[in-house]
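Input: a single structure, listed below in structure tokens.
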Amino acid sequence: MVGTGKVTAAWIGMRMFGTVDGQYVWVDHSPMTYTHWAPGEPNNANGEEQCVQMNRHQGGWNDANCGRASAGYVCKKFPGDIHTPPPPTQPWEGNCPAGWLRFNNKCFMFKGKKNDIKGNWSYARSWCREQGGGLAVIDDQYENDFVASYLRDLELPTWIGLSDLLVENQYAWSDGVSPVLYTNWNDKEPNNANGVENCVTITHSPLLTGKWNDDNCDNNHSFVCSRKKSSSIQPPPPTKSPCPAGYISWYLNCYKLVEEPATWDAAQAACKDQGGNLASIDMSYDQAFVAGAVLQGKADAWIGLKRKDDGSYMWTDGWPVFFTQWGPGEPTNIKDEGCVSMHASRMFHGTWNDTKCDLEKPYICKKTSEKPPTTPAPGDGMCQRFAIPYGKYCYYVYSGEVGFSWPDSEHYCQAGRMELVSIHSRAEVEFLKSFNYSKNMNLWIGLTRDNNFGWAWTDETSVSFLNWAPNEPNSAFHPGNMAENCVEMYKDGRWNDNNCMEKKSFACRHPQFYQTDENKNPIYPTEAPANNVGLIAGIVVAVIVVVAIIVGLFYVFSVRGYKLSTLSLPAKSTSRIDVPAFTNPNFVGESDT
């Protein structure tokens, strides 16, 4: 029968249950009186083959990973049998062992904190199995978010149970049973770099967490174990919850999804009455927890972000806006759309949308013992010789007669160990206007459209302030089907989306620094203060610096006299133009403050 079909193999009703290297049984509980294994089988390759296939030719049997959807199947029914529908699936009852965290039907354990055990992929799998589980199986976006939210304490990256060790480019879970129902690959992954990447890690940072990458299985990393809840495990002894009834605990925070719809103001008032606020989100880890563990796709819900009259966004609990997760095309500049909700749909999972405050939606309350930071004092560091200090950053504005495209502008900023400017306040807009850049043309800034996450700054800082001109952004198209994916600043400081290849002036920015190397090049600060806020801010600065250094060149500029044509820049699509790009007519000397 199998030999007459089109598939090379078909599943039959034999499998191993429960334990590795256990006994094979028939799923209909028939006695095992006959086997027809192919030569060398069963071999339980890679320790993950628990189901049995019949090969098309000669009918030999082979054990295989149950999760691979690469075989047909053969059903058996006795004449006269009456089909009885299976009973409805009941909620999975049970508990987790001590030391494991429960999420829905699973338990998770995280290993790899500082001074904790780490190991290669094989060691991690064996260690998890010794604890009664296996390397983590992740079946959907919500589980991925839950796992990602607890990676903040682990040294990165972190092993999970996926690999293509058996068949190249056919990924399977190491438990030998679970089908691959969900993946969350990072951009351009998996890539099997150098032909040695067959095991999968989950990566994380305060700006982005939960993306997957294929890695060399021999590398030592942190890891995550998972197992099913079990009714044989006694419930843990009762402990006093750090959160009120109805709230979910995560680190020093407590969250509650209120499914009864309310306007944004009414929702904030209700949260305030309970001693909290609409939820603020400070980094990718709490974003993942709120989206995956609190919201879980139930309904779009209000969070605590709201636009002020000056165009900047502010959390209701007073925290600075360190992190944003805008949805495609968001935030818009539509009148009255000043309150922010989190998407629940799978397509826009967890992303943010600014919308009308008088709409009624479910909402997420947050109570926390963490205190918002005080406003930082102006910086006392140094600037590069061509840049002018403002706050803790230094700025350069090119306003020559010859303009540059947005990609070229970004390129020249990075060549000078800077980034196209990101803008986070009305005061910063006014400061940039003082450069008189508009005498020749408008000014490119570092805001660009990201089709996955809406508008984003190239330096990866949060989109916490917007200053669009009326009826902008309008997403118009130019000849040649060129979209408006880059942002310029007008003479009055308002913003407009435009074709990225238009020629404009541009503005660059870098963090103030306190040290230089032996070649007098700046060493940007990367060490974070001890408190949590400093950690976030320090990592944001570090990301900016690393990006700039990777793409930047060895840099020596003077205040006047150097031209772009003298720089050894990577090849560009545009022709080279002799322009004094780092000669600023508004800057009269060196700054050291």
Of the numbered conditions (1) assigned to a loop (DSSP other than H, G, I, E, B); (2) within 18 Å of the chain's Cα centre (by Cα), Val294 satisfies every one except a single condition; which is it?
(1)
The lone exception for Thr89 - which of (1) modelled with pLDDT under 90; (2) more than 30 Å from Gln296 (Cα to Cα) it fails:
(2)
Which ones in the range 411-442 are within 24 Å of Asp492 (Cβ to Cβ) and assigned to a helix (DSSP H, G or I)?
Cys413, Arg426, Ala427, Glu428, Val429, Glu430, Phe431, Leu432, Lys433, Tyr437, Ser438, Lys439
Can you run down the residue pairs with Cβ atoms below 6 Å, 6 or more apart or on separate chains, where the first is in the range 201-218 and without any contact (Cβ under 8 Å) to a residue 24 or more places away in the chain and assigned by TED's automatic domain parsing to the domain that holds Asn184 and the partner is surrounded by fewer than 23 Cβ atoms within 10 Å (Cβ to Cβ) and in a strand (DSSP E or B)?
Asn216/Glu197
Restricting to the range 264-285, and then to whatever is in contact with a strand residue (DSSP E or B) (Cβ under 8 Å, 6 or more places away or on another chain) and part of a loop (DSSP other than H, G, I, E, B), can you tell me which residue is farthest from Lys371 (Cα to Cα)?
Gln274
Would you point out the residue of the range 102-129, among those that are touching a helix residue (DSSP H, G or I) at 6+ places or on another chain (Cβ under 8 Å) and assigned to a strand (DSSP E or B), that is nearest to Asp214 (Cα to Cα)?
Gly119
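Which one of these is under 26 Å from Gln287 (Cα atoms), modelled with pLDDT under 95 and in contact with a strand residue (DSSP E or B) (Cβ under 7 Å, 6 or more places away or on another chain): Leu156, Leu166?
Only one candidate qualifies: Leu156.
Out of the residues in the range 1-59 that are of a type in the set (Gly, Ala, Ser) and surrounded by fewer than 15 Cβ atoms within 10 Å (Cβ to Cβ), state the one that is modelled with the lowest pLDDT. Outline the logic, then answer.
Start the filter on the range 1-59 by keeping residues that are of a type in the set (Gly, Ala, Ser), which leaves 3, 5, 9-10, 13, 18, 22, 30, 38, 40, 45, 47, 59.
Those still in the list that are surrounded by fewer than 15 Cβ atoms within 10 Å (Cβ to Cβ) too: 3, 5, 18, 22, 30, 40, 59.
Numbers: Gly3: 52, Gly5: 60, Gly18: 56, Gly22: 64, Ser30: 69, Gly40: 82, Gly59: 81.
Here the residue is Gly3.
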Given (1) surrounded by 18 or more Cβ atoms within 10 Å (Cβ to Cβ); (2) under 20 Å from the mean Cα position of the chain (by Cα), where does Trp264 come up short, assuming only one miss?
(2)
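Report yes if Lys240 is out of contact with any helix residue (DSSP H, G or I) (no Cβ under 7 Å at 6 or more places or on another chain), free of Cβ contacts under 8 Å to residues at least 60 places away in the same chain and basic (Lys, Arg), otherwise no. Explain how you work it out, then say what you get.
Values: out of contact with any helix residue (DSSP H, G or I) (no Cβ under 7 Å at 6 or more places or on another chain): yes; free of Cβ contacts under 8 Å to residues at least 60 places away in the same chain: yes; basic (Lys, Arg): yes.
It is true that Lys240 is out of contact with any helix residue (DSSP H, G or I) (no Cβ under 7 Å at 6 or more places or on another chain), free of Cβ contacts under 8 Å to residues at least 60 places away in the same chain and basic (Lys, Arg).
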Which one of these is more than 26 Å from Glu49 (Cβ to Cβ), outside the structural domain of Gly47 (by TED's automatic domain parsing) and polar (S, T, N, Q): Ser163, Ser174, Ser149?
Ser149
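Okay, residues lined up against (1) assigned to a strand (DSSP E or B); (2) in the same structural domain as Ala267 (by TED's automatic domain parsing); (3) buried (at least 16 other Cβ atoms within 10 Å of the Cβ):
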{"residue": "Trp319", "(1), (2), (3)": "no, yes, yes"}
{"residue": "Ser341", "(1), (2), (3)": "yes, yes, yes"}
{"residue": "Cys357", "(1), (2), (3)": "no, yes, yes"}
{"residue": "Asp380", "(1), (2), (3)": "no, no, no"}
{"residue": "Cys394", "(1), (2), (3)": "yes, no, yes"}
Just one listed residue, out of Thr332, Thr324, Thr368, Thr351, is in contact (Cβ under 8 Å) with a residue 60 or more places away in the chain, more than 27 Å from Gln274 (Cβ to Cβ) and β-branched (Val, Ile, Thr), and it is Thr332
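The values are calculated or read from the model by the stated rules, or taken from the named source; none is laboratory data. If you're wondering where the values come from, they're calculated on a predicted model, not measured in any experiment. Virtual Cβ from ideal backbone geometry, glycine too; neighbours counted across all protein chains shown.
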